[in-house]
Structures are given as C-alpha cells and as structure tokens.
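Q: Here it is: the structure, laid out below.
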Amino acid sequence: MQKRVTLRRILTLALAALALACLIVFFVICGQLGVFDGRYFAVREYAALLDTMDKVYIGQLVESDVSAAAMRAAVDSLGDRWSYYMTPLEYASFLDNVNNSYAGIGVGVVADDERGGMLVTFVYRNSPAEAAGIVAGDTITGIDGEDMKGLGLNDMKARLARKIGDTVRLTVLHADGAAEELDAVYSYIFVDPVSFEMLDDGIGYIALSDFDRGAAQSFISAHESLTEQGARAFVYDVRGNGGGRLKELTDMLDFLLPEGEIFVAVGKDGREDITRSGPDFADFPAVVLVDRYSYSAAEYFAATLREYDRAVLVGEQTTGKNRVQTTYELPGGGALHISSSQYLTKNRVSLYDAGGVAPDYPVVLSDDELSLFFSGMLDIEDDPQLQQALALLQGS
C-alpha cells in the first residue's frame with residue numbers, strides 16, 4: 001500500500017515537473033516571438049496583409065519583393081541615413097566591396113535627383129565601364145531599357161546587378177546632354193585602395209580611396225616605400241573617400257601618431273571605448289586633402305591628424321558623420337547594416353554636430369576639375385587643391 005502511494009506521488013511530481021517545464025518553454029518561445037511586447041501581433045498583422053494581397057490583388061504578387069521592400073522600409077523608418085537593409089544579392093556585393101573586390105562594371109555612383117538615375121562620380125581604370133566609354137559626370141538613366149527615374153539608389157544598384165560575364169545595356173546621359181546606349185560586361189573588379197608617387201622637392205603623395213580591408217597595410221607600405229626614396233613630407237589625399245573599416249583607420253592612425261587616444265566610441269549605454277596608439281610613429285610634416293565626398297573614416301582621419309598637430313587640411317568641408325555601423329546577417333541571407341555606436345575625436349568633437357571638418361585652407365574645385373579628378377585625369381599642375389598642399393609643404 002505504501003509503495004503504491006509513493007509511486008503515485010512520484011508520478012504526480014513528475015507530471016507536475018513536466019507541466020512546469022512545458023509552461024516555461026511556452027513562455028520562452030512566446031518571449032522570443034515577441035508575444036508579450038507586441039511583436040507577435042505586428043508579425044501576425046503583416047502575415048494577414050500579405051495573405052490578403054495574395055488573395056485579392058489582380059496583378060502579379062512577388063512575395064520576395066514585397067518582403068524586401070517591407071524590411072527596407074522598416075529600417076528606413078529609423079530616419080538614420082547610415083542604416084539600411086540589404087537583400088541577399090546586395091549583401092554579397094557589400095561583402096565584396098569591403099574586401100576591396102566586388103562584382104560590377106567599375107563605377108562609383110550617387111543618386112542624381114535632378115536628372116533621375118545614377119551620377120557616375122568615378123570610373124576605375126581598366127574597368128568594363130571605362131572600356132564601354134563611361135566617364136565621371138555621366139548619368140546612368142536606364143538599365144536594359146528600364147527608366148531609372150523615381151527609383152532609390154539601392155533599387156537602381158539592384159537592377160544593375162547580374163551574373164558575372166553577363167552584358168548590361170546602359171542608357172547614359174553625358175554631361176553635354178547627349179544620350180547614348182552603351183554595353184558593359186558585369187565582372188569582378190579588384191581594386192587597390194592606395195596609389196602613391198614621389199613628387200618634386202621630396203614630397204610623397206598617397207591617395208587613399210577607402211578604408212576597407214587591406215587599406216592600412218597598403219598605406220603603410222606606400223609610406224615606407226616613399227620614405228626610402230627620400231620623402232621628407234607627405235600629402236594624404238582622402239578626397240572622394242567614403243570610409244570603411246574601423247581597424248584599418250586605427251592601424252593607420254597608430255602608424256602616424258604618437259602615443260595617445262586615436263578613437264573614441266560611445267555605445268548605446270553612453271560608455272566610452274577608447275583605442276590608443278603606441279609610442280612609435282612616422283614623424284613627417286603633412287597635408288590632408290579633403291572634400292565634400294570625404295566622410296566617416298576619411299574625415300575622422302583628417303580631424304585626428306589635425307588635433308595632434310600632425311597635419312593641416314586643404315580642400316572643402318567634409319560630410320559630417322559620427323556613427324559606427326555593424327552588419328548582422330539575417331536568416332534569409334540578407335543583412336541589416338545599422339548604426340550601433342557613435343564616435344568622437346580625441347578632443348570629444350562629434351563630426352556630425354560640427355557639420356563635418358572645415359579645412360584650414362579652403363579650396364574648391366570647379367565642376368570640370370571635379371569631373372577630371374574623379375576620372376583620374378586631373379593633372380597635378382591643374383589640381384588647385386594639391387597645388388595648395390605642395391605650396392605649404394615646400395616651405396616646411
């Protein structure tokens with residue numbers, strides 16, 4: 001009798017424990033689904049919306065396009081120009097870009113709101129775009145016969161993407177207003193972000209197109225090569241540089257600056273995460289060339305060198321950015337690129353609040369000079385910003 005009671009008690013306790021475990025699992029799953037914070041109802045609402053569209057819409061519904069647009073709109077609603085959603089295809093292209101290799105035709109573009117389409121800001125040498133006859137200052141207004149007017153930049157880039165080796169037909173509006181149909185082959189483009197040369201009077205010139213993977217080592221190698229050739233001063237050109245990886249930036253600053261703070265990140269909780277440089281550094285007079293297209297790591301690079309009195313700045317006011325982005329891969333193969341912290345200079349200046357970095361010596365390129373610069377065809381003697389930098393260093 002006692003054994004039956006004990007067995008019954010054990011079974012009761014076991015069932016109670018199982019029920020409790022199931023309840024805990026239920027609440028955990030509900031918590032992950034956002035049932036208790038409204039996310040479950042938002043997901044349910046979206047599913048109902050999609051289901052209704054599928055049932056009653058008289059046109060063709062492509063659910064993947066709808067979902068991509070919904071996720072893009074969700075991130076856009078943050079109002080942060082540096083945060084965005086990427087489709088799987090866009091994410092693959094993004095990964096190529098941050099490794100200084102990418103699939104494309106070999107152009108840099110920005111949205112051309114005035115003419116509609118993509119304004120070509122530069123063309124890589126030996127690229128399919130150069131072979132097709134595209135030059136900086138052109139506007140791509142159509143892709144394979146489809147007008148780009150009214151589309152966002154990401155949507156236009158997505159329509160340009162295709163398989164390696166495929167040919168894309170582009171409607172190109174030249175700066176003189178003439179329109180032309182041009183064919184370019186979609187290919188892998190490998191780009192060294194650093195170019196350098198020794199100029200007259202022992203002045204080394206280093207142009208840096210981005211701060212993506214490999215940029216720091218390439219920059220340091222260029223610097224050491226010019227030093228061995230007898231460079232006594234340097235021009236660092238970050239015009240048109242849109243930034244890149246934090247590690248590449250801090251490695252360069254560590255090479256150029258004495259011991260001290262070289263990067264200050266401020267997390268969501270308000271705490272500072274400080275990166276410091278070591279005691280060894282390259283001790284040379286320097287000028288940094290900046291323009292309206294220098295932002296993120298490029299303008300931080302310039303601002304920090306000036307705060308350490310290691311360089312003066314020539315050119316135009318920079319963009320003004322003070323946020324670090326982190327990329328999170330999503331289950332469907334896309335990714336979220338989102339602002340996860342802010343950054344300040346050594347002197348605790350927010351470049352966003354400051355409206356960018358103002359040059360010590362303002363020099364503005366004309367539209368023709370800017371077009372030639374981005375196409376790599378602006379000669380040294382015809383570049384007023386570079387000439388101003390050389391004049392400053394020749395007297396040092």
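Readers should treat all values here as calculations from the given coordinates under stated rules, not as data from a laboratory. If you're wondering where the values come from, they're calculated on a predicted model, not measured in any experiment. So basically every Cβ, Gly included, is an ideal-geometry build from the backbone, and we count neighbours across all protein chains shown.
Q: In whole Å, how far is the Cα centre of the stretch 334-396 from that of the stretch 170-196?
A: One Cα centre to the other: 23 Å.
Q: Can I ask one more? For the chain, take the longest principal axis of its alpha carbons; what is the angle in degrees between that and the long axis of helix 246-256, to the nearest 10 within 0 to 90?
A: The helix 246-256 is inclined about 40 degrees to the chain.
Q: Please list, in order, the residues from the stretch 343-380 whose amide nitrogen is less than 18 Å from a point placed 7 Å along the Cα→Cβ vector of Ile274.
A: Once the point is set 7 Å along Cα→Cβ of Ile274, 343-350 turn out to lie under 18 Å by backbone N, inside the stretch 343-380.
Q: Which entry in (1) 0.94; (2) 1.26; (3) 1.11 matches Cα Rg over 2.2 N^0.38 Å derived from the coordinates of this structure?
A: (2)
Q: Please list the non-local residues whose amide H lies under 5 Å from the amide H of Ala282, H modeled 1.01 Å from N, same-chain partners needing a gap of 5 or more.
A: For Ala282, the qualifying residues are Leu256, Leu257.
Q: Whole-Hz Karplus ³J(HN,Hα) for the stretch 202-211, in order, using 6.51 cos²θ - 1.76 cosθ + 1.60 and θ = phi - 60°, x for Gly and Pro?
A: For the stretch 202-211, the Karplus curve yields x, 9, x, 10, 10, 9, 10, 7, 7, 10 Hz.
Q: For the stretch 277-355, run through the trypsin sites (Lys or Arg not before Pro) and keep only the ones in DSSP coil with at most 14 other Cβ atoms within 10 Å of their Cβ.
A: Passing both the DSSP loop test and the Cβ count: Arg348.
Q: Towards the positive end of the charge dipole of the chain, with charges on Cβ (+1 Lys, Arg; -1 Asp, Glu), say which of Val109, Ala70, Ala391 has the farthest Cα.
A: Ala70
Q: Can you tell me how much longer the chain between Val66 and Leu50 gets when fully stretched, taken as 0.36 nm per residue apart minus their C-alpha distance, in nm with one decimal?
A: Stretched fully, the Val66-Leu50 segment lengthens by 4.9 nm.
Q: While we're here: Once you charge only the Cβ atoms, +1 for Lys and Arg and -1 for Asp and Glu, what is the size of the charge dipole of the chain about its Cα centre, to the nearest 20 debye? If you can, show how the numbers build up before the last one.
A: Values: 32 positive and 58 negative charges, 673 e Å.
Value, rounded to 20: 3240 debye.
Q: Of all DSSP beta bridges in the chain, what percent run antiparallel (nearest 5)?
A: Percentage antiparallel, nearest 5: 75.
Q: A follow-up question, please. Helix 2-33 versus the longest principal axis of the chain: what angle, 0 to 90°, nearest 10, using Cα atoms?
A: Once rounded, the angle reads 30 degrees.
Q: Okay, next question. Can you work out the Karplus-derived ³J(HN,Hα) for every residue in the stretch 88-99? Use 6.51 cos²θ - 1.76 cosθ + 1.60 with θ = phi - 60°, whole Hz, and x for glycine or proline.
A: Values per residue, Gly and Pro as x: x, 5, 5, 5, 4, 5, 4, 5, 5, 4, 6, 9 Hz.
Q: Once amide H atoms are built 1.01 Å from N in the peptide plane, which residues 5 or more positions from Ala233, or in another chain, come under 5 Å H to H?
A: Long-range HN contacts for Ala233: Gly204.
Q: Work out which GluC sites (Glu not before Pro) in the chain are exposed loop sites (DSSP not H, G, I, E or B, at most 14 other Cβ within 10 Å) and give the longest gap free of them. Can you show the working numbers first?
A: On the way: sites that count: Glu114, Glu259.
So the longest stretch without any such site is 115-258.
Q: Can you give the angle from 0 to 90° between the axis of helix 39-56 and the longest principal axis of the chain, with both taken from C-alpha atoms, to the nearest 10?
A: 90 degrees
Q: Here is a further query. Using the Karplus curve 6.51 cos²θ - 1.76 cosθ + 1.60 with θ = phi - 60°, work out ³J(HN,Hα) for each residue of the stretch 288-297 in order, rounded to whole Hz, and write x for Gly and Pro.
A: 10, 8, 10, 8, 5, 9, 8, 8, 6, 4
Q: Here's something else I'd like to know. Roughly how many Å is it from the Cα centre of the stretch 64-96 to that of the stretch 203-244, as a whole number?
A: Cα centres, the stretch 64-96 to the stretch 203-244: 32 Å.
Q: Can you work out the FRET efficiency for the pair Val364 and Ser77, with r the C-beta to C-beta distance and R0 = 35 Å, to the nearest 0.05?
A: 0.45
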